[in-house]
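Some notes on the structure that comes next.
The values are calculated or read from the model by the stated rules, or taken from the named source; none is laboratory data. All values derive from a computational prediction rather than experimental measurement. No Cβ is skipped: glycine too gets one built from the backbone with ideal geometry, and neighbour counts run over all protein chains shown.
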Amino acid sequence: MNWGFRFVKMADICLITVIYFVIGFVSSRLLDYTWRPFNEKEEEQKPLWQTISEILFHLIITALVVYILRNLVQTIPSPLNGLYHLDHLKVKEVQSAPMLTFSILYYQKNLQDRLKYTYNKL
């Protein structure tokens, strides 16, 4: 077992995680500002299908943002690429972006409020 390669790969995964988290956090805040603030009184006036449609549209936009950001992050060179024959682009965390998806969904207060409201209404 090549311990040098394992250490460099783990360090690269940590670097990827930090980059995805920071970009996801900032993006989620920007996405929150693009939607009007959640107002429960306004939501009560709407039919349930309209609220669900807005949530689905919000999720579609979020998925597109995740896709675009994941592709942009892949273009950022890793300072660890090549050390102990590490190929940064073959690290699966670069391709799958779980931290990016998590941070964007978790920090969108507007989306969370709509989901909680809809869940309680059902």
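What are the residues in the range 79-122 that are closer than 30 Å to residue 49 by Cα and either in contact with a strand residue (DSSP E or B) (Cβ under 9 Å, 6 or more places away or on another chain) or of a type in the set (Phe, Trp, Tyr) (or both), if any?
To start, the set of residues in the range 79-122 that are closer than 30 Å to residue 49 by Cα comprises 98, 100-122.
Of everything in the range 79-122, those that are closer than 30 Å to residue 49 by Cα and either in contact with a strand residue (DSSP E or B) (Cβ under 9 Å, 6 or more places away or on another chain) or of a type in the set (Phe, Trp, Tyr) (or both) turn out to be 102, 106, 107, 117, 119.
Any residue that is closer than 30 Å to residue 3 by Cβ and either surrounded by fewer than 17 Cβ atoms within 10 Å (Cβ to Cβ) or modelled with pLDDT of 90 or more (or both) - is there at least one of those in the range 102-122? Spell out the reasoning first.
Going through the range 102-122, the residues closer than 30 Å to residue 3 by Cβ turn out to be 102.
Still in the running and either surrounded by fewer than 17 Cβ atoms within 10 Å (Cβ to Cβ) or modelled with pLDDT of 90 or more (or both): 102.
Scanning the range 102-122 turns up at least one residue that is closer than 30 Å to residue 3 by Cβ and either surrounded by fewer than 17 Cβ atoms within 10 Å (Cβ to Cβ) or modelled with pLDDT of 90 or more (or both).
Here are the criteria: (1) polar (S, T, N, Q); (2) closer than 30 Å to residue 7 by Cβ; (3) assigned to a helix (DSSP H, G or I). Tell me which single one residue 78 does not satisfy.
Just one mismatch for residue 78, condition (3).
Given the conditions (1) small (Gly, Ala, Ser); (2) loosely packed, with under 13 Cβ neighbours inside 10 Å; (3) outside any helix (DSSP H, G or I), which single one is not true for residue 53?
(3)
Can you tell me which of 111, 105 is part of a helix (DSSP H, G or I), among the hydrophobic types (A, V, I, L, M, F, W, C) and touching a His at 6+ places or on another chain (Cβ under 7 Å)?
Working: 105 fails: touching a His at 6+ places or on another chain (Cβ under 7 Å).
None of the others qualify; the one that does is 111.
For the range 91-122, which residues satisfy the criterion of being of a type in the set (D, E, K, R) and under 20 Å from the mean Cα position of the chain (by Cα)?
As a first pass, look at the range 91-122 and keep what is of a type in the set (D, E, K, R): 92-93, 109, 113-114, 116, 121.
Within the range 91-122, 92, 93, 109, 113, 114, 116 qualify.
Any idea how many residues of the range 9-35 are in contact (Cβ under 8 Å) with a residue 60 or more places away in the chain and either assigned to a loop (DSSP other than H, G, I, E, B) or polar (S, T, N, Q) (or both)?
Qualifying residue count, the range 9-35: 4.
May I ask you to verify whether residue 100 is within 30 Å of residue 12 (Cβ to Cβ), in contact with a helix residue (DSSP H, G or I) (Cβ under 7 Å, 6 or more places away or on another chain) and either assigned to a helix (DSSP H, G or I) or without any contact (Cβ under 8 Å) to a residue 60 or more places away in the chain (or both)? Give the derivation first.
Details: within 30 Å of residue 12 (Cβ to Cβ): yes; in contact with a helix residue (DSSP H, G or I) (Cβ under 7 Å, 6 or more places away or on another chain): yes; either assigned to a helix (DSSP H, G or I) or without any contact (Cβ under 8 Å) to a residue 60 or more places away in the chain (or both): yes.
Yes: the conditions hold for residue 100.
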